[in-house]
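Structure first, then comments.
The values are calculated or read from the model by the stated rules, or taken from the named source; none is laboratory data. Because the structure is a prediction, the values reported are computed rather than measured. Positions of Cβ are generated from backbone atoms using ideal geometry, with glycine treated the same way; all protein chains shown enter the neighbour counts.
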Ligand SMILES: NC(=O)c1ccc[n+]([C@@H]2O[C@H](COP(=O)([O-])OP(=O)(O)OC[C@H]3O[C@@H](n4cnc5c(N)ncnc54)[C@H](OP(=O)(O)O)[C@@H]3O)[C@@H](O)[C@H]2O)c1
């Protein structure tokens, strides 16, 4: 029996590419959606030797409604696992109006619109599939170093939680991924503690396991649940004095 098809929105991401590789090796059809044609072609070629019955790349900016519609019309078999890995952290050093707009649009608006659309497709086609959003622990509390990114991820995390609540009785599952530090190009130039940093291979494996087990929330390690609680529980008068 053919394994469920997997669609990765933001396949240009190091995490997305790794998820694509792991699913292709496990014989799932894989659809790659990304903005960079060259990178997609490279990934498609690299995965050509895997055991997947098909790996297809689509150049698609997730903010482009029309393009996304035309990609959906081409998918056969229709995906049953949809994972949004697209995101951006650019522009945080000097959050101009344009930078803040981009951070909100790419980290929150586009992922929410695309998942809402895929949920409707699942409902109309009777697919009890899985919708996955890669958000961030940065969304748990606004911090001076990345608050516009954190604010957008907070919106996405809240969206995912609401969608999960809404779909609970439908058989469609919604999973939130809250990574800490994952060694990808997003962290280039940043020094992160080795003990708290994992590679994209481990993060992708955690996401796959979470999907198999239909988990609600997946982290990049147990320690990050503790960090999440510290972030949430510190009172504001104390939090604003920290160097976090
Ligand atoms: N790395 C970490 O430590 C970490 C921690 C917490 C959360 N996350 C989240 O994990 C996810 C994966 O990130 P990553 O670490 O793998 O970083 P990454 O390699 O920088 O991936 C981000 C990807 O998103 C794509 N993207 C941005 N805007 C897009 C759009 N409008 N349409 C389609 N694709 C778009 C980018 O494509 P282009 O290549 O075309 O720009 C880029 O490939 C992101 O959502 C990120 O916020 C990462």
Checklist entry - Among 177, 218, which is the only one that is within 10 Å of the ligand (Cβ to nearest atom) and either at pLDDT 95 or above or assigned to a strand (DSSP E or B) (or both)? => result 177
Checklist entry - When residues of the range 61-87 are filtered for being part of a loop (DSSP other than H, G, I, E, B) and either in contact (Cβ under 8 Å) with a residue 60 or more places away in the chain or buried (at least 18 other Cβ atoms within 10 Å of the Cβ) (or both), how many remain? => result 9
Checklist entry - For residue 38, which of the numbered conditions (1) touching a residue at least 40 places away in the same chain (Cβ under 8 Å); (2) surrounded by fewer than 21 Cβ atoms within 10 Å (Cβ to Cβ) fails to hold? => result (1)
Next on the checklist: Can you list residue pairs whose Cβ atoms sit under 6 Å apart, with the first residue in the range 93-111 being touching a residue at least 24 places away in the same chain (Cβ under 8 Å) and over 19 Å from residue 11 (Cα atoms) and the second being within 15 Å of the ligand (Cβ to nearest atom) and outside any helix (DSSP H, G or I)? Count only pairs 6 or more apart in sequence or on different chains.
Outcome noted: 99/91
Checklist outcome for this item: Scanning the range 180-197 residue by residue, those in contact with a helix residue (DSSP H, G or I) (Cβ under 6 Å, 6 or more places away or on another chain) and either buried (at least 18 other Cβ atoms within 10 Å of the Cβ) or in a loop (DSSP other than H, G, I, E, B) (or both) turn out to be 180, 181, 182, 184
Item to check | Criterion (surrounded by 20 or more Cβ atoms within 10 Å (Cβ to Cβ) and modelled with pLDDT of 95 or more) met by exactly one of 112, 152, 99 | outcome: 152
Item to check | Residue in the range 108-142 that is nearest to the ligand (Cβ to nearest atom), counting only those that are in contact with a helix residue (DSSP H, G or I) (Cβ under 6 Å, 6 or more places away or on another chain) and in a loop (DSSP other than H, G, I, E, B) | outcome: 136
Item to check | Residue check for residue 37: over 25 Å from residue 112 (Cβ atoms) and more than 15 Å from the ligand (Cβ to nearest atom) | outcome: no
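Of 209, 231, which residue is away from the ligand (no atom under 12 Å from the Cβ), in contact with a helix residue (DSSP H, G or I) (Cβ under 7 Å, 6 or more places away or on another chain), in a helix (DSSP H, G or I) and over 14 Å from residue 135 (Cα atoms)?
Only one candidate passes the filter, namely 231.
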